[in-house]
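The values are calculated or read from the model by the stated rules, or taken from the named source; none is laboratory data. Keep in mind that this is a model prediction, so the values were computed, not measured. Every residue, glycine among them, receives a Cβ derived from its backbone with ideal geometry; neighbour counts consider all protein chains shown.
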Amino acid sequence: MIETLSVNLAKAAMTAQAAIAEAALAQADRPAALSPDPFNVGPAMNSVMTSLAARPDKLFAAQADLFNRYMDLWATTARRVSGEEPPQPSKDKRFKDPAWAENPMFDVMRQSYLVTADWMNGLVSSVEDVDPRTKRRAEFFTKLLTDAFSPSNFLASNPAALKAMAETNGESLVKGMQNFAADLERGMGKLKISQADYGKFVVGENVATAPGQVVWRDELFELIQFDAATDQQRAIPLLIFPPWINKFYILDLQPENSMIRWLSSQGFTVFVCSWVNPDASMAGHDFDDYLEKGIYRATQKVMEQTGQDRLNTVGYCIGGTLMGAALAHMAVRGDKRVNSTTFFAAQHDFEEAGDLLLFTDEHWLNEIEKQMDAAGGVLPGAAMADTFNALRANDLIWSFFVSNYLMGKEPAAFDLLFWNADQTRMPKALHMNYLRSMYGANKLTKGEFEIGGERVDLSKVTIPLYFQASREDHIAPMNSVYRSAKAFRNADVTLTLAGSGHIAGVVNPPSAKKYQHWVNPNLPATLAEWQAGAEEHPGSWWPHWAEWLHARSGEWVAARDPNKGPLSPLEPAPGSYVKVKS
């Protein structure tokens, strides 16, 4: 047994060393790092430390607090050694293994870490005389640091990993280092942690399988019309504009959670704009292109296909930001083709846009611009994925680091995480304009954003709008979405707050019977006031939205066949653009 363990430990070490050597060679062929501190963390931490140094009384009190916490911990540990019952298992997923509570050594290690991490994060948060965004940057990266140093992330201090190594005579570690090597190879020298068993999914075969036809294709998008699931459909069609940061099939993962299939089953004629995965030839495409050649062209093609003179639209995430600007542009031009619009997790007011604001200071924008130049004028899909992963490091980085490498497990076949890793590129002109104009200057809400030759004003929009926000959304925070809804002050606005986060809050079919949602017909000054007057309902918000949408979708007409419209079908859904990898 000992001999087998020794052989496997040596094999694991050699596998890791070889992988790191190969990664070093791959990195050597890449351009040098643009900056040693691309996120501008140094100045933020320097501001915090300077503030603390100016208040020695506060620093002394913090040190005394840490000392007292350690004394309490040692007293608790002494009682444990004397026979006191172990504490209840932690609700923190990192420490779910019973040994973290039952074994005094691991218990004191866990609690020492939690005390220190909480103290460090609290110390940074206690600073008062620092610019709020600078302080938030320091808080964010301090949290990243303390998350990284959790004892659960190291083999020697993770009881579950040690147990697996002992039970398998080291084979778990061999497998883990093989996973590590495979992820380094997949990332071409950069560690690209697998979050799902990507080989288990094929777009168009077991994800994105709702039946339909591509009825239009140009250089920017494919227009997909989905098959009817009822004998009659509402006259006014529904056109969905998903974010171009990801692919549309988040709304069509599996038959049981497909919003597209569900909408069809409710009698709506559903179209989706499937954006192209842009390459360097599209580096100059900007909001004007996505407005004129995207929203307006898709709108016109849907009307041609259905014979209607108006339609309802959905804008999801950044697709909703563009859709909001388009509505304001249409208001200026007197364009009344859009009958109503629904926004999923969409922001138009970016004043309180959450932690993504930390990635939009001018220092980082200059860095990312250079990165896009080096990539031929597009933002690589992996860059955006890395940013989103950093926002939830424990869930999207460290949990897989432990499972894949320390435990030697294979990632599960999880459709949502397969989609999450299927990122798209973004044109430089569009992305930089988005970051600078929206996150940086908040121009859209201020009435200073120019698109399609017009300076647009959201207050000019008067059509019915339905806003969906999610209570735990970290990308489009609920307060940010609420501020966005208030920005359309002359529109007929309905807002619903869903349970869960940015994805699960949106994709929550009624059949799942999960979470809850809140409704309030009024739109008072603040979200807190809205919540105080809101009524909670169990389960999905989809039926509430469908009722609202039915009332704005016209009469019932005979079901439409995508194969029999004026536009000739080009290929079955989900089309070709969605299958292009970054």
Lone unmet requirement of (1) in a loop (DSSP other than H, G, I, E, B); (2) modelled with pLDDT of 95 or more; (3) touching an Asp or Glu at 6+ places or on another chain (Cβ under 6 Å); (4) among the hydrophobic types (A, V, I, L, M, F, W, C) for Val506: (3)
Yes/no for Glu102 being within 37 Å of the chain's Cα centre (by Cα) and either buried (at least 17 other Cβ atoms within 10 Å of the Cβ) or acidic (Asp, Glu) (or both): yes
Selection count where residues are hydrophobic (A, V, I, L, M, F, W, C) and farther than 23 Å from Ser540 by Cβ, scope the range 314-355: 12
Residues that are of a type in the set (Asp, Glu), surrounded by fewer than 19 Cβ atoms within 10 Å (Cβ to Cβ) and in a loop (DSSP other than H, G, I, E, B), drawn from the range 331-359: Asp335, Glu351, Glu352
Verdict on Ala328 being part of a helix (DSSP H, G or I), more than 23 Å from Glu450 (Cβ to Cβ) and aliphatic (A, V, I, L, M): no
Unique residue being within 29 Å of Val7 (Cα to Cα), without any contact (Cβ under 8 Å) to a residue 60 or more places away in the chain and not in a loop (DSSP other than H, G, I, E, B) when the list is Ala164, Ala182: Ala182
Single condition Pro38 does not satisfy, out of (1) loosely packed, with under 14 Cβ neighbours inside 10 Å; (2) modelled with pLDDT under 90; (3) not polar (S, T, N, Q): (1)
In the range 488-511, the residues that are over 11 Å from Ser470 (Cα atoms), surrounded by 14 or more Cβ atoms within 10 Å (Cβ to Cβ) and of a type in the set (Gly, Ala, Ser): Ala491
Residue within the range 567-582 that is within 18 Å of Val270 (Cβ to Cβ) and assigned to a helix (DSSP H, G or I) present: yes
Enumeration of residues in the range 522-547 that are under 19 Å from Leu238 (Cα atoms) and either modelled with pLDDT under 95 or under 27 Å from the mean Cα position of the chain (by Cα) (or both): Trp541, Trp542, Pro543, His544, Trp545, Ala546
Condition met for Trp518 (outside any loop (DSSP other than H, G, I, E, B), crowded, with 18+ Cβ neighbours inside 10 Å, in contact with an Asp or Glu (Cβ under 7 Å, 6 or more places away or on another chain) and aromatic (Phe, Trp, Tyr)): yes
Test: Thr445 is in contact (Cβ under 8 Å) with a residue 24 or more places away in the chain, in contact with a Ser or Thr (Cβ under 8 Å, 6 or more places away or on another chain), hydroxyl-bearing (Ser, Thr, Tyr) and within 22 Å of Phe248 (Cα to Cα): no
Single condition Val272 does not satisfy, out of (1) closer than 15 Å to Thr313 by Cα; (2) surrounded by fewer than 24 Cβ atoms within 10 Å (Cβ to Cβ); (3) among the aliphatic types (A, V, I, L, M): (2)
Matching residues in the range 41-57 - criterion: being of a type outside the set (A, V, I, L, M, F, W, C) and closer than 16 Å to Asn121 by Cβ: Ser51
